[in-house]
1. When a footprinting reagent is the concern and you count Cβ atoms within 10 Å, what order do 77, 26 take, fewest first?
2. If you build a Gaussian network model of the chain, linking Cα atoms that sit under 10 Å apart, which residue out of 100, 145, 116 swings the most?
3. Ranked highest first by the average count of other Cβ atoms within 10 Å around their residues, in what order do 153-160, 106-113 fall?
4. Pick from 117, 66, 97: which is most flexible by mean-square fluctuation in a GNM of the chain where alpha carbon atoms under 10 Å apart are linked?
5. Summing -39500 (n - 2.57) over the DSSP H runs of n ≥ 4 in the chain and dividing by its residue number, what mean residue ellipticity at 222 nm do you reach, to the nearest 500 deg cm²/dmol?
6. Can you give the direction-averaged projected area of the convex hull of the alpha-carbon atoms in segment 12-119, in nm²?
7. According to the Kirkwood expression over distinct Cα-Cα pairs, how big is the hydrodynamic radius of the chain, in Å?
């Protein structure tokens, strides 16, 4: 009984220490752009992006723990052509009238050498939630050179099937495989 109480006290102490050293970073919407690309009928690789993203990243570098919670405004899709923006937001694809946001919530962050290497989580598009793993291709954690605040920056990528998210119109002619490429910056407020 005594050993159990001591073990519980140590566990509580270390858990509270880990939480005490974590920092919350708020996504910088001016420097965070999820992009997606797909094969367009074998003719070209189309690259589109979303212009409005919000969220937070909770990071404890010492404990090698993190949580990511991001919301993408689907109505901010940018194809470079207004009529095509509307087409992509239609019911056959993103259906932004019914599902104006997409979300990603991490379930596990894997660290290698003190930096996040991959982020496992739940991606929700059009009300459909699927597990995905983002591969982190670059990561920065330090003072922001202009804002003089603690900041993080990262790039991450994964591949999803758009038919799994009920957005598969014209597949396979228009590629079902979609590459997500996310550039994220966030600062401590």
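1. Ascending number of Cβ neighbours within 10 Å: 26, 77.
2. Result for the chain, Cα springs under 10 Å: 145 fluctuates most.
3. Ranked from most to least packed, the peptides come out as 153-160, 106-113.
4. Fluctuation is largest for 97.
5. Computed mean residue ellipticity for the chain: -4500 deg cm²/dmol.
6. That works out to 9.3 nm².
7. One decimal place: 18.1 Å for the Kirkwood radius.
A short reminder: the numbers here are calculations on the coordinates, not readings from a lab. Nothing here was measured: the structure is a model prediction, and the numbers come from that model. Using ideal geometry, Cβ is built from the backbone for each residue, glycine included, and neighbour counts are taken over all protein chains shown.
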